[in-house]
Amino acid sequence: MSSAGHLARPGFLGGLVAGVALAGLASLPAEARTSWVSGTYVYADLCTMPADGAQAGRRITLKRWPKGDNLVYEGAGLPAPIETAVSIDDSTKDVAFHLETSAGLVSFRGTAGSDALVGTLHGADGSQPLRLKRILRARPQATCPGETTGSIH
């Protein structure tokens, strides 16, 4: 068969054009994503006090799904984790939530970064700065260092 016969085969020219187009796309720079990827993001400083085994600190788990976002809040002194709605701005990664605990309303406003959740926590004890490291892998709860962020009752 001659080389002209190859060009006359159905699908050959279309495959050639598609291959050239894909090769051209591969050389274009990748565009930055404007929204977070769906998934679970865990930020925590929960630890165990060496003297009595009591828990201190908190864990905030952001759950990002195509149908909506929610948050699970765990803290020393809480009888169980609390799940609540969360407001997340995709462009700035600002995070805000409000929830009711046995000690009253707790609210948070801050920013979720790739390494930490940073902002201000407002509760019955007043306002306090909060910085929780992002936890990338499950691991046993650590022993508390000298000073902790406190607990919420």
Among the residues of region 70-86, which ones are buried (at least 19 other Cβ atoms within 10 Å of the Cβ) and over 14 Å from T101 (Cβ atoms)? V86
For region 138-148, the count of residues that are in contact with a Cys (Cβ under 9 Å, 6 or more places away or on another chain), among the hydrophobic types (A, V, I, L, M, F, W, C) and part of a loop (DSSP other than H, G, I, E, B) equals 1
Of the conditions (1) at pLDDT below 90; (2) over 23 Å from P145 (Cα atoms); (3) open to solvent by 40 Å² or more (accessible area, probe 1.4 Å), P50 clears all except one; give me its number. (2)
Within region 76-129, tally of residues that are among the aliphatic types (A, V, I, L, M) and without any contact (Cβ under 8 Å) to a residue 40 or more places away in the chain: 11
Among the residues listed as S127, S114, the single one being more than 12 Å from the chain's Cα centre (by Cα), open to solvent by 70 Å² or more (accessible area, probe 1.4 Å), over 15 Å from R58 (Cα atoms) and hydroxyl-bearing (S, T, Y): S127
Considering every residue within region 20-40, establish whether at least one is of a type in the set (G, A, S) and at pLDDT 85 or above. yes
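Got at least one residue in region 90-100 being surrounded by fewer than 13 Cβ atoms within 10 Å (Cβ to Cβ) and within 17 Å of L121 (Cβ to Cβ)?
yes
The values are calculated or read from the model by the stated rules, or taken from the named source; none is laboratory data. Bear in mind the structure is a predicted one, so any value in this text is a computation, not a measurement. Cβ sites come from the backbone with ideal geometry, for glycine too, and all protein chains shown count toward neighbours. We work out accessible area using only protein heavy atoms, side chains counted, and drop any ligands, DNA or RNA first. Shrake-Rupley method; radii C 1.70, N 1.55, O 1.52, S 1.80 Å.
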